[in-house]
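Take a look at the structure set out below.
The values are calculated or read from the model by the stated rules, or taken from the named source; none is laboratory data. Small disclaimer: the values here were computed from a predicted structure and weren't measured. Heads up, the Cβs are rebuilt from the backbone with ideal geometry, glycines too, and the neighbour counts pull from every protein chain shown.
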Ligand code: GLU
């Protein structure tokens, strides 16, 4: 039997990191089993779908390594609507489903509770099809539905606790539960690896497989992803869009490595490992069923490691979208013609060791390309205190006298200026740094001064000095 798995996102919003995690797990499982990965876009919720979300899913998958053309599909659920309706009709004709025209209020009035499920009122009333008649599945009164789940063992659901659920609405359109099963069936899916959130649907769906006479798939419900407060990641509260991480400058390699650690770890206490190790070692049945904490701080640290592992040339390449502003990434504060690739290349190795995400490159290097630095006023106020004016005067005079404008000479010169005033280098540097870069933190100062060049550096120091009059 060829293993066939599918990833079945709904194009109703930005692509969720939890979805990316499930996609990768499906992808690896298929690869390990010599199977096929199918991409199905579940686009039947016409009111909430947008084509751009579908495009977003395809490009996000591509970014994390599930590239277009390397999988089967994308199929679109809407294209299979005929099959969904045919399955609903078969269930009705075989007596496994029946029509019902009860409103929610009707059911509540009869059961006396808004929490009780449907009471089976129309089970044996032979209502027949008609406008406003929903089709309900006749769940067995007895027995239990045992779900075989690679991660959760065999969760068992008593059939009598499962209400006669709706499979097609009053307008005849099949609901998600049925469409999803019929698609899996027609696509020959053998393993359904999906988020834990769908576990409550699973006994109902398995009953549909049984009723339609097809052996159900093996299930694997991967753990819900939660924030630091143990709340399920939500798009209203948390940063969940893969695209947002991409824009911030997370590397695809770091991202997919981190996503695979949600509920699983490679052998030997390692976390940062080559993708090939993950592809070899990952075991679906080793995934921890408990909620998985999405720790952005840890992801940042991971990303920093991945950035540092790049060659300088690759790092320079990787920074380009932030240096130029491409796609949805905002343009930097300098004009394209102000950018100086040589100056950037000179400071790139210094920046590479400091960044956690690539977007941080912009505030680290903007002083090099702007005519005058963007002054952080809070940093200015904190740094330019008593003595700064006199210190800047002395530094300007000493720098003007330098024969060679290089980092070592700049450093020893400023050190001497500080020493004459009983100041450590850190204190001496601070006003110079704010004067030339506008900030209190950034790349090493003396290398920055060297790359900026004598004239521009001194001009900025003089301008700062004038502001202190
Ligand atoms: N379209 C469903 C979702 O995005 C997935 C259903 C499934 O994987 O079975 O949640």
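Determine, yes or no, whether residue 211 is over 27 Å from residue 19 (Cα atoms) and in contact with a strand residue (DSSP E or B) (Cβ under 9 Å, 6 or more places away or on another chain). Talk me through it step by step, then tell me what you get.
Working: over 27 Å from residue 19 (Cα atoms): yes; in contact with a strand residue (DSSP E or B) (Cβ under 9 Å, 6 or more places away or on another chain): yes.
Here the answer is yes, as residue 211 does meet what is asked.
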Single residue of the stretch 403-427 satisfying the filter (within 48 Å of the chain's Cα centre (by Cα) and assigned to a loop (DSSP other than H, G, I, E, B)) that is surrounded by the fewest Cβ atoms within 10 Å (Cβ to Cβ): 424
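Being buried (at least 19 other Cβ atoms within 10 Å of the Cβ) and either under 23 Å from residue 86 (Cβ atoms) or within 12 Å of the ligand (Cβ to nearest atom) (or both) narrows it down to one of 195, 168, so name that one. Even if it seems obvious, please write down each step before you answer.
On the way: 195 fails: buried (at least 19 other Cβ atoms within 10 Å of the Cβ).
Step by step, each of 195, 168 is checked, and only 168 is buried (at least 19 other Cβ atoms within 10 Å of the Cβ) and either under 23 Å from residue 86 (Cβ atoms) or within 12 Å of the ligand (Cβ to nearest atom) (or both).
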Among the candidates 29, 71, residue that is at pLDDT 95 or above, within 21 Å of residue 242 (Cα to Cα), in contact with a strand residue (DSSP E or B) (Cβ under 8 Å, 6 or more places away or on another chain) and away from the ligand (no atom under 12 Å from the Cβ): 71
Filter pass, residue 214 being crowded, with 19+ Cβ neighbours inside 10 Å, in contact with a helix residue (DSSP H, G or I) (Cβ under 8 Å, 6 or more places away or on another chain) and touching a residue at least 12 places away in the same chain (Cβ under 8 Å): no
So residue 81, is it surrounded by 19 or more Cβ atoms within 10 Å (Cβ to Cβ) and in a helix (DSSP H, G or I): no
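Could you check the stretch 183-260 for helices (runs of 4 or more DSSP H) lying wholly inside it with 1 or more residues that are over 27 Å from the mean Cα position of the chain (by Cα)? Write out each step before concluding.
Numbers: elements: 202-211, 242-248, 252-260.
Hits in the stretch 183-260: 202-211.
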Count of residues meeting criterion [modelled with pLDDT of 95 or more and more than 9 Å from the ligand (Cβ to nearest atom)] in the stretch 1-14: 4
Check on residue 115, in a loop (DSSP other than H, G, I, E, B) and either under 42 Å from the mean Cα position of the chain (by Cα) or on the phi < 0 side of the Ramachandran plot (or both): yes
Total residues in the stretch 92-117, condition in contact with a helix residue (DSSP H, G or I) (Cβ under 6 Å, 6 or more places away or on another chain) and surrounded by 11 or more Cβ atoms within 10 Å (Cβ to Cβ): 2
Test: residue in the stretch 15-22 that is within 13 Å of the ligand (Cβ to nearest atom), assigned to a loop (DSSP other than H, G, I, E, B) and touching a helix residue (DSSP H, G or I) at 6+ places or on another chain (Cβ under 9 Å): yes
Condition broken by residue 145, with the remaining ones in (1) within 29 Å of residue 30 (Cβ to Cβ); (2) away from the ligand (no atom under 12 Å from the Cβ); (3) within 31 Å of the chain's Cα centre (by Cα) satisfied: (3)
Of the criteria (1) away from the ligand (no atom under 16 Å from the Cβ); (2) closer than 21 Å to residue 190 by Cβ, which one residue 84 fails: (1)
Complete set of residues in the stretch 6-18 that are closer than 17 Å to residue 151 by Cα and surrounded by fewer than 24 Cβ atoms within 10 Å (Cβ to Cβ): none
